[in-house]
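One structure is given below, encoded as structure tokens.
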Amino acid sequence: MASKLEQQEPPQANGAVPGECPASPEPAELLGPEGSGVEVLVLESRANAKGVREEDALLENGSQSTESDDTGTERGAEPASPLKETSFSIGLQVLFPFLLAGFGTVAAGMVLDVVQHWDVFKYVTEVFILVPALLGLKGNLEMTLASRLSTAANIGQMDTPRELWKMITGNMALIQVQATVVGFLASIAAVVFGWIPDGHFSLEHAVLLCASSVATAFIASLLLGMIMIGVIIGSRRMGINPDNVATPIAASLGDLITLALLSGISWGLYKELESKAYVNPLVCAFFISLLPLWIVVAKRSSATREVLYSGWEPVIIAMAISRWGWPCPQTPPGLFPALTPPSASPCSVGGLILDRTVSDPNFAGMAVFTPVINGVGGNLVAVQASRISTYLHMSGEPGDSPGTAPRRCPSPCSTFFSPDVNSRSARVLFLLVVPGHLVFLYTISSMQGGHTTLTLIFIVFYMTAALLQVLILLYIADWMVHWMWGRHLDPDNFSIPYLTALGDLIGTGLLALSFHVLWLIGDRDSDVGD
């Protein structure tokens, strides 16, 4: 009997009915010597109830609102989409960056068409080898940075000024470390692949390539890093999902800015080569000497410390698979047939396929469209990979939620036809392929000044290859991101380099197959690239 009375004392002391929230205690009760433990229990119970109600409200609203700065509430175990998006809103947000990325590829081809006649490109031919290597490596760094920052913004790691500053400094230092190392590796690749065909090695040219590559990578990463931070912060304030816009913008501006800087810096250093030969070694040594500083800054941030050690493997392997699939020595094929070399040795798997086709007169026009089809496929799959990664990060850390990361291959129906937000975005991205490529084909045809004739049968085969490429990439992205998550790997840092490299390999192979079929059926009226 006494125990029953003791169990009933807490609700009687507060006048609360069981099952209802207790009333607010009076100040006298809080200061009273008796029942203080009961009042603390009551206040804690009310706080917990309030936290649960706030968490339920956030999940109900799709976790989009930034009106509350409460970061103490734990996330639920069930993953939630960071934004409640319709198919129309996803398509509208992706469309402009997607077109911008395509036109960025066209603009990069125009820049290369102009600078190829400069003296540095004529007399230091290894610069042509440096272009695809540096663009491929830098492109992967920029898109992984954009994906990483987009995820951080969507899961609330950039909401407060302190968190924002910590994320900016850590990622900017990390990208400078990666850019400096990548620039150095690209220059070594250029020197080696330039030396192998003719057996001639020039120390002055090697130092020039190293200085140009490292300086270009450093400055381009600094500019693009600041642009990405501005894009992500601005998109969040405007209610736009950064995952939809950041990676395509990084791809479009990355190639253009890097190519323009490389041309200008290499031209300036080449002019100083005869009169001031010490300038090139000093430039190279200066940027390399800054590496310890960036490493120390990057190690201080927990968000970038792991990437500093483990983020190199996908970037290097992706370079071997080839992002653009350009052949290495001599001139890389841009958007103009004049840039296509009659013969070139491949430095990658994609380059091997392209090398076997561009030297064949029946496949001459393939060099015009290869960067476009590969760029479009890579941009679309990067958007999807970034979105899936953000979705998984809302459930916890990589590997923490095995229920959200199946290790088995998903079925195509679950990837494209399920009701979840990632399947919806896959359908939207797939539907953007045809209108996007039609715009780019028209642009290329117009810039050729009537030199290229696009027949209906060529467009059909080209679109079939483009659609099949994106279909395969979106399915692989769905499997790869979840597989990496289940293996405790952050997909933001690992998935995009592999996916874009596979996009180049698949796109180049399917385009070569399309040209071969066109040649077999005798569609010689297209005269693409002749």
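Computed from the coordinates by the stated procedures, all read-outs in this text should not be read as laboratory data. All figures in this text were calculated on a predicted structure; none of them were measured in a lab. We place every Cβ from the backbone using ideal geometry, glycine too, and count neighbours over all the protein chains shown.
Take Ala285, project a point 7 Å from its Cα along the Cβ direction, then tell me which residues of the stretch 165-204 have their backbone nitrogen under 16 Å from it. The answer is 204. Sorting 109-122, 215-228, 491-504 by their mean Cβ neighbour count within 10 Å, with the most densely packed peptide first, gives 491-504, 215-228, 109-122.
For the listed peptides 289-302, 468-481, a ranking on the average number of other beta carbons within 10 Å per residue, highest first, reads 468-481, 289-302. Modelled spin labels at Leu223 and Trp165, positioned 7 Å past Cα toward Cβ, are 2.8 nm from each other.
Using r as the Cβ-Cβ distance of His516 and Ile155, and R0 as 41 Å, what FRET efficiency do you calculate, to the nearest 0.05? List each step's numbers first, then the result.
Working: r = 46 Å, r/R0 = 1.13.
Computed FRET efficiency for His516 and Ile155: 0.30.
Label positions at Thr464 and Phe417, each projected 7 Å from the Cα along the C-beta direction, are separated by 2.3 nm. Couplings 3J(HN,Hα) of the stretch 266-273, computed from phi: 5, 5, x, 5, 5, 5, 8, 5 Hz, in residue order, whole Hz [Karplus 6.51 cos²θ - 1.76 cosθ + 1.60, θ = phi - 60°; x for Gly and Pro].
What order do you get for 175-184, 277-286, 377-386 when each peptide is scored by the mean count of other beta carbon atoms within 10 Å, highest first?
Peptide ranking by packing, descending: 377-386, 175-184, 277-286.
From the phi of every residue in the stretch 173-181, what ³J(HN,Hα) in whole Hz does the Karplus formula 6.51 cos²θ - 1.76 cosθ + 1.60 yield, where θ is phi - 60° and glycine or proline is x? Listing the rounded values in order: 5, 4, 5, 6, 4, 5, 5, 5, 5 Hz. My understanding is that a pair violates if its Cα-Cα distance is over 30 Å; which of Lys271/Lys299; Lys166/Lys276; Lys276/Lys299; Lys138/Lys271 do that in this structure? Pairs exceeding 30 Å: Lys271/Lys299; Lys166/Lys276; Lys276/Lys299. Spin-label model, Lys276/Arg487: points 7 Å from Cα along the beta carbon direction are separated by 4.9 nm. Evaluating 6.51 cos²θ - 1.76 cosθ + 1.60 at θ = phi - 60° for every residue in the stretch 275-280, the Karplus couplings come out as 8, 10, 5, 6, 5, 4 Hz, glycine and proline recorded as x.
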